[in-house]
Amino acid sequence: MCGIFGCISKDSPVAPIIIQGLKRLEYRGYDSVGVATLYNERIEVRKDAGKIDEVNNRLRFSEMKGSIGIGHTRWATHGAPTMVNAHPHSDCNGEITLIHNGVIENFLEIKEELLNKGHNFVSRTDTEVVAHLIEEEFKNSSTLEEAFLKALRRIRGSYAIALISSKEPERIFCARNESPLVLGVSEKGVFCASDVPAMLPYTNKIAWVKNGEAAVLDSEGFTIVRIEDNSKIERGLTEITWTLEMAEKQGYPHFMVKEIFEQPQSLRNALRIQKQYMDLLTTFLDRGREIFLVAAGTSYHACLAASYLFSKFARLVTYPVVSSEFIENYGSSIGIDSVVLAVSQSGETFDTLKAVDYARMRAATILAVTNTVGSTLTRVSRAYIVQQSGPEIGVAATKTFTSQLIILAQLGVRLARMRGKISQDDLDEIEGVFKIMPDYVEKALENNSSKVEVLSKKYSGERVFLFLGRGVSSATALEGRLKLLELGYVPALAYPAGESKHGPISVIEEGTPCIFLCPKGETRKEIIGSIMEMKARGARIISICEEGDAEIIGLSEDYLEMPKGIPEPLSPIVYVAPLQLFAYHFACNRGADPDKPRNLAKSVTVP
Ligand code: M6R
C-alpha cells in the first residue's frame, strides 16, 4: 500500500526528513519511491523504481533543496512499477505536484475529458489525472485551495493526497477519502503522512483527517475543512503513546488481526476495479470451451467458491483445480479453446505459474486475478485483474481471500448478464448487495470479535476440529480449517457436510467440536440434518448462522450471528471473518506467532 509523507520544516532542509519518514513507512510494502521539494518557487521531482536506500544512492534525494516537500512510496495498482509511474505526479507545467494513496475510480473518464482539452499525460496512473484536473479547475478559481476542492468534488474513489505548488509555495494541501491520513505538529515542523510511524521521531501530537476532509498545512499548523462545502472543522491534537512497532500495526498486536479488520476497506477497493478489465476477463471467460480455475491454498478456496458462483449466477460449469494437480489431471486435454483463470495473491506461486506455463504452451487463454502488479503472473496473462487489497504482511491470507471472492463473484454476475442468464431485476438486486458486502463484513467483525475471543479460549485445549458446510459454504469450511491448522497447528478436518457420514463421522467422540457454516438458503434443510447427526454422536456444535436463526441456535452449544440478508452464494465473504478471528486468537492463546506460522512462507516460489 502506498505511503505518503509531507513536511514543512522549520529549521533544516526538508529532504532528509522526508527520507526518514518514508523509511518508516517501508513496512507497508512498495516498489518505487519519489520526492518533490519546493525551492525558489520551483518544484524539483526525483523518483524511480526500487528501494529507498538504493534509489537515494542513485538520485541523491538528500541533496534536494527547500524546506517544504512531499515523498511517496508506491505500491503499484494502475500501471507497472516504473520510474514514469512512480509518484509524485505533476500537471502540464510542473507547477502542481502531488502524491496519492488509493484508487481513483473515475480516472479514465476524467482523463479523456482532459486529453480533449489538450492536457499532456506521461504516466499510466490514476493519480496523474488529479494533478491535471486541479490545473484545469485553477483556470476558473481564485485560489489554489478552491481549485483543489473543486477537483476533489469531481473524483470518486479512495484517496489520501498531499500536494505542493509553486503557485502557493508556503503550503501543503492534503485530503482524505477512505485512505488514511494523519497530521502532526512539532517544534521541528508540520507533517502529513499515511501513518503515525512516519512522524513519530518528530512528534506524538497528531490529528486524524477524516473521510471527506481536506487540510491546508503551513509552518504554524493546519486548518481542516469539509470538501463538500468548505466549512471549517475544529480538530485538536491527540497525544499518542504508541511505540514504533505498535504504530506500524496501527495499535493492533499483529499484522494478521489488523488485516482481518481491514477487510471492509479492501472489499471497497475491490469493488472499484475498472469495469473495462472486468469486461475483458468476462469476454474471454465466455469464449472458453472449458474453464479451469487454478490456484493454491487460500486462493484455491476462492476458486472453489467461485465455481459455485459461476454455476449459480451464469449457469457455467468451471473446474476449480489445485495448481500442483493441474497438469497431471487435465494437462492432456488443454488446448486452444481452454481458458485458465489463475488466482494468486502474490502472482509468484511456483505451482500456479507452472500450471499456467503448461497451459500457455498449449495455446490456452491465460487470465488472472492477483494482488501484485508486475508479478510474473501478470506478465504471462492475456488479461488480469489486480485486486487492490494492499500488501498482506501476515503469512495467512485473510483480506486477499475476501477480495478475490468479491472479484470472482462480480465476474460471475457479468458472465450471467453476457450469457442472458439473469433478469434485469435480479441483476439490480445482486449489484445492490455487492455494494453493501463491506458493511456486512464490518458488522460481522464488530458484533462478534469479543465473543470469538472468548470461544477461542473455551476451545483452546481441543486437539481436533471439524468444519462442515454445504454448497458454497464447503469452501468457507475449508478456508476456516486451513486458517486454524496453519496458525494453531491443529490437524483439523473440513468436508462438505453431506460427505461427513461417508467417513469423517467416525472421528466424532463425546465433546468433539464441530463448526457448522449455516447461512440461510438452499442448503439449510440438509445442514440441519447434518447437525443432528453430529449432535446425536456427542459433537459440540458451534454454528455460524444468520442473526436470530432460532432453529440453528437451538441446536448449538455456541453460535456466532452474521448479519441478515446475505445471499447464500456470497456468504463466504462474511462467514469466513469469524473463522479467521477464531484461528488468530487460537494461535495467540497457544503462544504461536500468527504472523509467522512455523514452516510456512508468504509466497511459495519453489517446487
Ligand atoms: O500467493 P498465492 O495466492 O498464490 O498463495 C497461495 C498459497 O500459498 C497461500 O494462499 C497460502 O495457502 C496461505 N498461507 C494461506 O493462508
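The values are calculated or read from the model by the stated rules, or taken from the named source; none is laboratory data. Quick caveat: nothing in here was measured; it's all calculated off a predicted structure. Heads up, the Cβs are rebuilt from the backbone with ideal geometry, glycines too, and the neighbour counts pull from every protein chain shown. Calculation scope for accessible area: heavy atoms of the full protein, side chains included, ligands and nucleic acids excluded. Shrake-Rupley method; radii C 1.70, N 1.55, O 1.52, S 1.80 Å.
Relative to the present Cα-Cα distance, how much length would full extension add between residue 457 and residue 167 at 0.36 nm per residue of separation?
Separation in residues times 0.36 nm, less the Cα-Cα distance, equals 98.5 nm.
Using a 1.4 Å probe and counting only protein heavy atoms, arrange 187, 44 so the residue with the most accessible area comes first.
Greatest to least solvent exposure: 187, 44.
Looking at the chain, do any whole DSSP H helices span at least 15 angstrom along their long axis by alpha carbon and average 0.0 or above on Kyte-Doolittle, and which?
Going by DSSP H runs, the hits are 127-138, 297-314, 399-418, 473-488, 571-589.
Please give the per residue accessible area of the stretch 3-247, computed with a probe of 1.4 Å over protein heavy atoms only, in Å².
39 Å²
Limiting things to C-alpha atoms, what are the Rg and the maximum Cα-Cα separation (Dmax) for the stretch 243-322, in angstroms?
17.4, 56
When only the heavy atoms of the protein chains count and the probe is 1.4 Å, how do 593, 195 rank by accessible area, highest first?
Largest accessible area first, the list is 593, 195.
With a ≥ b ≥ c the root eigenvalues of the C-alpha gyration tensor of the stretch 51-111, is it rounded (a/c under 1.5), prolate (a/b larger than b/c) or oblate?
Oblate shape, in that a/c is at least 1.5 and b/c is the bigger or equal ratio.
Given N residues in the stretch 1-142, what is its alpha carbon radius of gyration divided by 2.2 N^0.38 Å?
With N residues counted in the stretch 1-142, Rg over 2.2 N^0.38 Å equals 1.02.
Evaluate the Kirkwood expression for the hydrodynamic radius of the chain, namely the inverse of the mean inverse distance over all pairs of different C-alpha atoms, and round to one decimal in Å.
The answer is 25.4 Å.
Hand me the trypsin sites (Lys or Arg not before Pro) from the stretch 1-31 located in a DSSP loop with no more than 14 other Cβ atoms within 10 Å, in residue order please.
Hits after loop and neighbour filter: 10.
Positive end of the charge dipole of the stretch 66-202 (Lys, Arg +1 and Asp, Glu -1 on Cβ, about the Cα centre): tell me which of 197, 108, 152 has its Cα farthest that way.
197
Can you run phi through the Karplus equation (6.51, -1.76, 1.60; θ = phi - 60°) for the stretch 65-70 and list ³J(HN,Hα) in whole Hz, with x for Gly and Pro?
With the stated coefficients, the stretch 65-70 comes to 8, x, 10, 9, x, 9 Hz.
Output the relative contact order of the stretch 11-131, whole-number percent, from Cα pairs under 8 angstrom with separation of 6+ residues.
Result for the stretch 11-131 is 26 percent.
So how many Å³ per residue does the convex hull of the Cα atoms of the stretch 248-406 work out to?
Spread over its residues, the Cα hull of the stretch 248-406 gives 104 Å³ apiece.
Using the scaling law 2.2 N^0.38 Å as the reference, what is the normalised Cα Rg of the stretch 3-247?
0.92
With charges set only on the Cβ (+1 for Lys and Arg, -1 for Asp and Glu), what does the dipole of the stretch 3-247 come to about its Cα centre, in debye to the nearest 20?
Computed charge dipole of the stretch 3-247: roughly 300 debye.
Could you sort out which of 232/399; 111/150; 47/167; 117/167; 312/535 sit more than 25 Å apart by Cα distance in this structure?
232/399; 312/535
Could you tell me what fraction of 2.2 N^0.38 Å the Cα radius of gyration of the stretch 521-598 comes to, as a two-decimal ratio?
This ratio for the stretch 521-598 stands at 1.27.
Which percent of the accessible heavy-atom area of the chain goes to carbon and sulfur, probe 1.4 angstrom?
Carbon and sulfur: 48 percent of the exposed surface of the chain.
Pick out, from 502, 52, 359, the residue whose Cα sits farthest towards the positive end of the charge dipole of the chain, with +1 on the Cβ of Lys and Arg and -1 on the Cβ of Asp and Glu.
359
Checking the a/c ratio against 1.5 first, then a/b against b/c, what shape does the Cα gyration tensor give for the stretch 188-264?
oblate
Helix-derived [θ] at 222 nm for the chain: sum -39500 (n - 2.57) over DSSP H runs of at least 4, divide by residue count, nearest 500?
Only helices count here, giving -12000 deg cm²/dmol.
At a probe size of 1.4 Å, how large is the accessible area of residue 300, to the nearest 10 Å²?
Counting only protein heavy atoms, the figure is 50 Å².
Rounded to whole Å and ordered largest first, report the semi-axes of the equivalent ellipsoid of the stretch 264-589 derived from its Cα gyration tensor (root of 5λ).
So the three semi-axes of the stretch 264-589 are 32, 21, 19 Å.
Residue 242 accessible area, nearest 10 Å², 1.4 Å probe?
Rounded to the nearest 10, the figure is 70 Å².
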